[in-house]
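The values are calculated or read from the model by the stated rules, or taken from the named source; none is laboratory data. Computed from a predicted structure; not experimentally measured. In this analysis, Cβ positions are derived from the backbone assuming ideal geometry, glycine residues included, and neighbour counts consider all displayed protein chains. Surface accessibility is based on the protein's heavy atoms, side chains included, excluding ligands, DNA and RNA. Shrake-Rupley method; radii C 1.70, N 1.55, O 1.52, S 1.80 Å.
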Amino acid sequence: MGEYFLPIIELAQKELLLFASLCFLVGAIDDVIFDIVWMVHSIKRKLYVYTRYDRATVDQLSPSDDNNPLAIFVPAWQEAPVIGAMLRRCLDQWTHRNFRIYVGCYPNDGETIAAVAAAANDAEYIRIIICDHAGPTSKADCLNRLWRALCLDENLESISYKAVILQDAEDLVHPKALNLFDYLIDRASLVQIPVIPRRATRSVWVAGHYCDEFAEMHGKQMVLREALGVSMPSAGVGCAFRRDELRKLSVLTQGKPFDATSLTEDYEIGLQLTQGNARGIFARLRDKQGQWVATQEFFPESFEDAIRQKSRWMMGIALSGWDRLGWQRCWRENWMRYRDRKASFAAFVLTIAYFAMFLMGFLFILELSGVYQPSPLSDLLKAMLVMNAFFLSWRLAFKGCFVFSLYGFREACLSVPRTIIANIINMLAARRALFQYLKTLAGVPPKWEKTGHFHPKAKDVRQLRATRVSTRDE
């Protein structure tokens, strides 16, 4: 039976490997083109901008002529362990004082309400908003409740807010972040600052792979998106929306600018507010101490939480996003949307590639034992494998440079083996996202699944190379 069965396995292995190699080659060429365009843009900036002007810091920005206050929205469901420290840190460290924090809580989450009340301590800067129904609901549903509270306050107090800023309950927000938002929101519909993942010392692999991905995403991809003049997605934290633009969107959506039926409402609203002639700004500025003005937070450290979070991203951006947002007539816009949406297909190809490699290993063992002699690989397949090896080295080196600039040499070295962990998480997340998406096609409404938040003790936190903030109260 082996004389018939083993040749079939060999044929399947070679066909799967050829298919995966071809798909990887197409994706790799796209990545290299993107990298080259980014390098050209960076070199032009260094030669024609930074040789004539000094790099600005957030401390050099002049005060805005618009003195209207800023509103910070913080949705909170079962965030008692972290919300108090986050609010106290903001009140203590923010140098900009013209703001109000709206914290959205639920009537069946008394612990979070108590933690927010204790942190507020009658502070005029914090308002606790109780949602109309028991939790949990989607993040967008909570944000819409905060939006209604803001509009009511504007009517009652005869004020007008300048911008709405989104933060999560576990965020470490830079002391100068509000100053930067206040200055730039006059010039754009959306302002996004970098999101920098931090990890506990014990979480080298799962939480660490978020560090690798965001270092490149917010060091390169978002920078080039702004340079190309295309719409800009928001990250859901560390982002400011101009209030009058949200009002226009609210009129079109019956008073609910954040879409509660979307699993990635932050991504979608960013694209909606910055499409066409509207402008989005991705602001990468440092303070006078050389620290990035960014939002730092701790990402999941368990496989289960990471898979659940990434499956929500994949379904909302790659699968449902295709249906909800479609494509545009601008090639630059479609290029960026293609890059956003290819993650799920890439995970599918990765699964095929790993299975083909498993079969190759199986056949190699049979060859060593003398049981079966596979035929040699074709010249075409060998050439494709060599090219993919080159592009893989390119990709790992490129990512390592961004990780090194933010986290140092050790983390840059770890980013190479962490790629395998990231691939496994993405494959399992894509499988989960696909099943969830098929359920929605059958009429089942999408389910928004919250990821648990935490702050490790300060001594257990892996410090950043170039971006350090106070870790007290963690």
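What to note about this one:
- Rounded to 5, percent antiparallel among DSSP beta bridges of the chain: 30 percent
- Scoring 423-430, 271-278 by mean Cβ neighbours within 10 Å over their residues and listing the highest first yields 423-430, 271-278.
- Measuring between alpha carbons in the structure, the pairs from LYS220/LYS342; LYS220/LYS382; LYS256/LYS447; LYS139/LYS399; LYS220/LYS256 lying more than 23 angstrom apart are LYS220/LYS382; LYS139/LYS399; LYS220/LYS256.
- Accessible surface area normalised per residue over segment 64-144 is 39 Å², counting heavy atoms of protein chains with a 1.4 Å rolling probe.
- Sequence-distant contacts, meaning Cα pairs under 8 Å at least 6 residues apart, place the relative contact order of segment 256-391 at 17 percent.
- Partner lysines for LYS288 [C-alpha distance under 17 Å; skip if fewer than 8 residues away on the same chain]: LYS176
- Whole-Hz couplings from phi, Karplus 6.51/-1.76/1.60, listed for segment 130-136; x for Gly and Pro: 8, 5, 6, 9, 5, x, x
- Each helix, a run of at least 4 DSSP H residues, gives -39500 (n - 2.57); summed and divided by the residues of the chain, these come to -18000 deg cm²/dmol at 222 nm.
- Tail weight of P(r) past 19 Å, computed on alpha-carbon pairs of segment 336-417, percent: 62 percent
- Size descriptor, Kirkwood hydrodynamic radius, that averages inverse alpha-carbon separations across segment 1-79, Å: 19.7 Å
- Accessible surface for THR261 stands near 90 Å², nearest 10, in the context of the full protein assembly shown (1.4 Å probe).
- Mean sequence separation of contacting Cα pairs (under 8 Å, at least six apart), scaled by the length of the chain, corresponds to a relative contact order of 21 percent.
- Relative protection proxy for 161-172, 93-104, from highest mean packing down: 161-172, 93-104 (other beta-carbon atoms within 10 angstrom).
- Here's how it looks for LEU172: its modeled amide H is under 5 Å from those of GLN296, GLU297, which are all 5 or more places away or on a different chain.
- Evaluated at q = 0.26 Å⁻¹: base-10 log I(q)/I(0), Debye formula over Cα of segment 193-280: -1.30
- The shape of segment 286-366 comes out oblate: with a ≥ b ≥ c from the C-alpha gyration tensor, a/c is at least 1.5 while a/b does not beat b/c.
- Net charge of neighbours whose Cβ lies under 13 Å from the Cβ of ARG55, counting Lys and Arg as +1 and Asp and Glu as -1: +3
- All other residues whose Cβ lies under 10 angstrom from that of ALA80 are scored, Lys and Arg at +1 and Asp and Glu at -1, for a net of -3.
- Centre-to-centre, using Cα atoms only, segment 310-328 and segment 169-241 are separated by 20 Å.
- By accessible area, using a 1.4 Å probe on protein heavy atoms only, segment 69-180 has 49% of its surface on carbon and sulfur.
- Residues whose placed amide H lies under 5 Å from that of ASN108, excluding near-sequence neighbours: GLY135
- Å² of accessible area per residue within segment 178-246, as computed with a 1.4 Å probe and no ligands counted: 22 Å²
- Computed over segment 253-321: relative contact order in percent, which uses C-alpha pairs under 8 Å that are six or more apart: 38 percent
- Hydrodynamic estimate: the Kirkwood radius of the chain over Cα pairs, inserted into Stokes-Einstein at 25 °C and 0.890 mPa s, corresponds to D of 102 µm²/s.
- Each residue of segment 256-267 was assigned a 3J(HN,Hα) from its phi angle through the Karplus curve 6.51 cos²θ - 1.76 cosθ + 1.60 (θ = phi - 60°); the sequence is 10, x, 9, 7, 6, 8, 9, 7, 9, 4, 5, 4 Hz, with glycine and proline shown as x.
- Sequentially through segment 367-374, phi angles give Karplus couplings (6.51, -1.76, 1.60; θ = phi - 60°) of 5, 5, 7, x, 7, 8, 10, x Hz, Gly and Pro residues having no value and appearing as x.
- Net charge of Cβ neighbours under 15 Å - reference ASP132; Lys, Arg +1; Asp, Glu -1: +1
- Principal axis analysis of the Cα atoms in segment 52-161 yields extents of 56, 32, 28 Å, listed in decreasing size.
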